[in-house]
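Data first, discussion second: the structure below is written as structure tokens.
No lab work stands behind these numbers, since they all come straight from the coordinates. The structure presented is a predicted model; accordingly, all values stated were derived computationally and were not measured. Please note: Cβ atoms are built from the backbone with ideal geometry, for glycine as well, and neighbour counts cover all protein chains shown.
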Amino acid sequence: MQTTNETKPPAFKEDTILRKRMDKIKHKIAVISGKGGVGKTLTAVNLAISFANKGHENKVGLLDADLHGPCVPKMLGMEGQKLKVGPVGALPAIGPLGVKVVSMQFLLEGNEVPVVWRGPLKMRAIQQFLSDILWGELDFLFIDLPPGTGDEPLSVLKLLPEMDGVVIVTIPSEVSQNVVEKAITFSRQLNVPVIGIVENMSGFVCPECGTKTHIFKTGGGEKVANAFNVPFLGRIPLDPRVCEASDAGNPFILQYPDSPATKAFQEIVEKIKAFLQEKEK
């Protein structure tokens, strides 16, 4: 797979190959946002680690579908790893708790190398990540999609009509609320259930004294959830250690298991599990 423009995009693989790979995965969940900078990838990474840590070790996959800004490997301490390619497909890289990870970053020669692709090539790459990767039998596959409602989100949701649903990440600001509404409408137009909304950066909790300050207001995510009749999954507070842990490649919930942010992730995990259990009835 090349990372520069080509005159002819690679051919689609047979749909039966993709179906064969995806049929081995019980649950598929996309993490999306209407805009960038709201902590979508942070949420996807820590959700994947949370599920692996809750009885699904070696049974969770994480696809970094943000082709132009892949940062999942950085957050998981997996920089420099490469995908191993065999005769029938490529093997995912293995992260903490056995999480299987695939990212465009594993195919690039360095962190500074950009992916300069138009829509058709991006759509082919997404399909290859789903059909050419030997994901194996998984309980959960989380897909971290780039912000907005463009090529990559559209490709994934079209290729996986059996998607269990999407988790939408926002922050409390009114600007973010406006674009969350677009993300909800986008999902509904594609007949993909909205599992719920996560409000990130919801207040700053001082690690020294525990005082909470609402820097970006609060309640915006819940307000949109109520207005559009979708579940509100919870609020994740700001914590400086989240940034420090991510930059160091350490999953936050493992490094700080007693923090308010980790407890918020755990509550969100339980609500997602409840959604999936109800869906299976």
> Given just the C-alpha atoms of region 96-220, how large is their convex hull per residue in cubic angstrom?
Replying inline: 181
> Using θ = phi - 60° and the Karplus form 6.51 cos²θ - 1.76 cosθ + 1.60, what ³J(HN,Hα) does each residue of region 87-92 get, whole Hz, x for Gly and Pro?
Replying inline: x, 10, x, 9, 8, x
> Taking only the alpha-carbon positions of the chain and ignoring solvent, what does the Debye formula give for the base-10 log of I(q)/I(0) at q = 0.12 Å⁻¹?
Replying inline: -0.71
> Whole-Hz Karplus ³J(HN,Hα) for region 35-46, in order, using 6.51 cos²θ - 1.76 cosθ + 1.60 and θ = phi - 60°, x for Gly and Pro?
Replying inline: 9, x, x, 10, x, 5, 5, 4, 5, 4, 4, 6
>> Counting only other residues whose beta carbon sits under 13 Å from that of G219, what net charge do I get with K and R as +1, D and E as -1?
In response: 0
>> Using each residue's phi in region 163-172, evaluate 6.51 cos²θ - 1.76 cosθ + 1.60 at θ = phi - 60° and report the 3J(HN,Hα) Karplus result to the nearest Hz, with x for Gly and Pro.
In response: 3, 5, x, 10, 9, 9, 9, 9, 10, x
> Where does the charge balance sit around L67 when Lys and Arg score +1, Asp and Glu -1, over other residues with C-beta under 10 Å from its C-beta?
Replying inline: -3
>> If I model a spin label as a point 7 Å beyond the Cα along the Cα-Cβ vector, how far apart are those points for N191 and E109 in nm?
In response: 4.5
> Taking Rh as the Kirkwood radius, which is the inverse of the mean 1/r over Cα pairs, what is the Rg/Rh value for region 187-227?
Replying inline: 1.18
> Residues with amide H under 5 Å of L62's amide H, sequence separation 5 or more or different chain, H placed in the peptide plane at 1.01 Å from N; which?
Replying inline: K100, V101, V102, F142
>> Using only the Cα atoms of region 88-140, what semi-axes does the equivalent ellipsoid have when each is the square root of 5 times a gyration tensor eigenvalue? Give whole Å, largest first.
In response: 22, 15, 9
> Hey, with R₀ at 41 Å, roughly what FRET efficiency would E208 and V88 work out to, going by the Cβ-Cβ distance, to 0.05?
Replying inline: 0.15
